[in-house]
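In what follows, a structure is listed as structure tokens, so that the remarks can point back to it.
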Amino acid sequence: MEKSARRKKRMGAGWLPDFLRFFMLAIAGLLIVSSGTALAGRDKTIWQSRDQFVAIEKQDGEGTAANDHPAKLSAEQLRSMLESLEITESGRNKVLPVFNEPEREILVEMLRDGLSQAGPKEDVTFAVIGQFPALLGLARERKVTTGRVFYRGGELNIIFGMVHRDFRDNEDRRLAPFVPGSRTRPAELGGRISAAAGEPGSTMKRGDWIVFSPASIGSSPGMPGESATPAIKPEPSERRPPETDTTRKQESKPAKQDKQGRTVEERLMLLNDLRNKKLITEEEYRSKRLEILNEL
């Protein structure tokens, strides 16, 4: 009887720790599964810097028509489209650019790479983080914007998943992932997306989905390796007058310098030189380049 009582006592004392261990293992398994699910759709990462990325993923939605991929757009076409994008915040008549300059520079380069490598059944997705004015311009806040990009029927499609969503460093991306836009599920963006007045060939397919016609902006896209047709040059009467010393002095502004007195251009050249000499990795190069551009 005494041995039986001691055995029951040991079992009762050990039950709670065993249950807690089982519960913690179950939660850890769920996190691993959710993490794997979040990353499963990413076939190829074009660029990544911590939480930011540009990647090639499978198309979303069943029975989706094939894209015209791979496709090649000029940097000028992509830059013009991205620069034109604006968001009017809900409840406020405040219009902000969707992307700031550092974000555009990254996306122009990386989206071009992604579109030129993607297959007909693949899209290019992205998540970028930019700094935007807050508190009447006295401070700056970090905001994340995500989207899905694909080219089909002579048109570039951008479906947004998030636009200027507050970014928190301490968030677990497995529980709060950066979700790109979806063909099947409209996103709540907290504002109205549009292209700036005068941007040719842009239409809204949905509140979170904008379509551009690159051919109306400049050259037509083609397959990788094909040279893009240059945009039509303005007539001589439309061209700017030749630059003179006087106009050059009027337009020149003091270049922003770091603590060592180097301008942004000099820092970027030095960074590029370090990469070419293989003194830094590609990831270190892109991360530092983004840091320098964010200071503009």
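The values are calculated or read from the model by the stated rules, or taken from the named source; none is laboratory data. Everything numeric in this text was worked out from a predicted model, so none of it was measured. Cβ coordinates were reconstructed from backbone atoms using ideal geometry, including for glycine residues, and neighbour counts include every protein chain displayed.
Some points to look at:
- Flag for PRO200 being surrounded by fewer than 16 Cβ atoms within 10 Å (Cβ to Cβ) and under 19 Å from ASP60 (Cβ atoms): no
- Residue identified as in a loop (DSSP other than H, G, I, E, B) and at pLDDT 95 or above among PRO186, PRO224, PRO234, PRO230: PRO186
- Qualifying residue in region 94-113 (condition: over 30 Å from ARG140 (Cα atoms) and either crowded, with 19+ Cβ neighbours inside 10 Å or modelled with pLDDT of 95 or more (or both)): yes
- Selection of first residues in region 263-284 that are over 18 Å from SER49 (Cβ atoms) and of second residues that are surrounded by 14 or more Cβ atoms within 10 Å (Cβ to Cβ), restricted to Cβ pairs under 9 Å at least 6 apart or on distinct chains, gives the following pairs, ordered by first then second residue: VAL264/ILE292; VAL264/LEU293; LEU270/ARG262.
- Residue pairs meeting the criteria (Cβ under 6 Å; at least 6 apart or on separate chains; first free of Cβ contacts under 8 Å to residues at least 12 places away in the same chain, in region 91-110; second part of a strand (DSSP E or B) and surrounded by fewer than 20 Cβ atoms within 10 Å (Cβ to Cβ)): VAL95/GLU86; VAL95/THR88
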